[in-house]
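Read the structure below first, then the notes.
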Amino acid sequence: MYAAFALCLPQLAHGETLVVNSYGGPYETIIRQAIIEPFERKTGIDVIYDAVGSAAQDYAKIKATKGRPGFDVVVMTASQSLQGCRDGLLDRLDVASIPNLASLTTSLQEVAGSCGAVHEVQYMSLLYRTDKLALAPSSWKDLLRPDLAGKVVLPTFQNVMAVYLLEMMSVTEGGGLIDNIDPGFAAMARLAKQSIGFEQSSAILESYIKDGTVWAMPFWNGRAQLLVDEGLPVDYVRPREGTIPLIATLNIPVGAEHKAAARSFINFFLEKASQEAWVAGYKVGSARADLEIPEALRRRQVTSQEDLSSLKLPDLTKLGDKLPEWGERWDRDVVSQAR
């Protein structure tokens with residue numbers, strides 16, 4: 001037995017390990033099947049999946065550990081990518097070590113800055129129960145309808161969806177995305193009175209609409225499409241006032257232990273076949289314009305520059321500077337109004 005164990009040691013000693021931090025729930029199932037397992041087969045690198053924390057929490061951990069959070073690749077949003085670059089806590093990525101960066105739509109990649117690789121694009125949709133509402137919603141204002149009193153759930157401010165909802169409610173009420181945000185806070189205070197409360201996790205948020213406790217809520221369109229595909233009595237819309245895209249990125253903390261493997265993973269994730277598998281599996285859009293995507297899926301996703309130009313995109317650097325102030329105001333003016 002000892003001889004057999006000893007024979008295994010050289011292989012274990014020379015094996016590479018990569019720690020990838022991202023989300024749980026359906027995301028974990030799909031990323032394992034579509035990306036991680038094919039990557040492991042192709043490279044021989046063993047991936048440890050760390051499904052802990054939101055993008056904001058993950059960046060807070062990177063910041064608290066001065067770029068050594070214990071994971072090598074992290075899934076965050078363009079906002080954290082820009083902030084991490086500015087703070088010197090994320091590695092800059094380049095085409096020399098990640099060739100597939102060259103295949104991404106330039107305008108989308110530029111939004112994330114030089115420290116993030118855009119691997120998916122979603123948008124904040126309005127998800128609703130088709131069996132509960134006689135009139136399907138078409139506007140963000142519809143969340144304030146009397147028939148939705150006590151039938152709405154909202155994200156916490158730690159979920160960027162709350163920030164985007166605040167901005168869209170501001171636009172809907174005649175304000176702006178960043179400047180003149182007062183109408184948004186006033187609308188969110190009214191909406192808080194309609195809601196049953198606040199949740200941070202997408203998995204918990206969707207549980208309310210799945211069991212019928214909630215009849216309408218903001219939700220990322222990719223996750224919304226998964227619920228539609230499950231056969232649940234739900235659907236989602238892009239409200240007439242428009243919406244904001246969620247540009248998701250792959251990042252490498254500056255103190256990551258396995259940087260070569262991390263770059264290999266990101267490059268693999270951005271390959272055409274990988275992106276097609278990810279778009280089809282997670283029902284999201286892509287920053288690659290050369291993908292072969294079923295038309296039914298393409299119609300509801302962000303897959304082109306034309307799609308992106310139809311969405312509203314706030315200045316993410318300015319937005320990042322506003323978040324501490326807005327977070328305090330959210331607790332004071334919005335959360336305090338919840339039922």
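The values are calculated or read from the model by the stated rules, or taken from the named source; none is laboratory data. On a predicted model such as this, the values are computed, not experimentally measured, just so you know. Neighbour counts are summed over all protein chains in view; Cβ atoms, including those assigned to glycine, are modelled from backbone coordinates with ideal geometry. Please note that ligands, DNA and RNA were not included when accessible areas were found on the heavy atoms of the full protein model with its side chains. Shrake-Rupley method; radii C 1.70, N 1.55, O 1.52, S 1.80 Å.
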Exactly one condition in (1) among the charged types (D, E, K, R); (2) under 30 Å from residue 65 (Cβ atoms); (3) modelled with pLDDT under 95 is not met by residue 300; state its number.
(2)
Which condition breaks for residue 182 when tested against (1) under 13 Å from residue 334 (Cα atoms); (2) surrounded by 20 or more Cβ atoms within 10 Å (Cβ to Cβ); (3) among the acidic types (Asp, Glu)?
(2)
Take residue 203 and tell me if it is closer than 24 Å to residue 247 by Cα, assigned to a helix (DSSP H, G or I), in contact (Cβ under 8 Å) with a residue 12 or more places away in the chain and open to solvent by 10 Å² or more (accessible area, probe 1.4 Å).
yes
Near pairs, Cβ below 7 angstrom, 6+ apart or cross-chain, from the stretch 236-254 (free of Cβ contacts under 8 Å to residues at least 12 places away in the same chain) to any residue that is of a type outside the set (A, V, I, L, M) and surrounded by fewer than 17 Cβ atoms within 10 Å (Cβ to Cβ):
none
List every residue pair whose Cβ atoms sit under 9 Å apart, with the two residues 6 or more apart in sequence or on different chains, where the first one lies in the stretch 142-164 and is at positive phi and the second, anywhere, is part of a helix (DSSP H, G or I) and not basic (Lys, Arg).
150/194
Can you say whether residue 231 is surrounded by fewer than 24 Cβ atoms within 10 Å (Cβ to Cβ), of a type outside the set (A, V, I, L, M, F, W, C) and touching a Lys or Arg at 6+ places or on another chain (Cβ under 8 Å), as far as the supplied structure shows?
no
Going through 272, 318 one at a time, which residue ends up being in contact with a helix residue (DSSP H, G or I) (Cβ under 9 Å, 6 or more places away or on another chain), modelled with pLDDT of 90 or more, open to solvent by 60 Å² or more (accessible area, probe 1.4 Å) and of a type outside the set (Gly, Ala, Ser)?
272
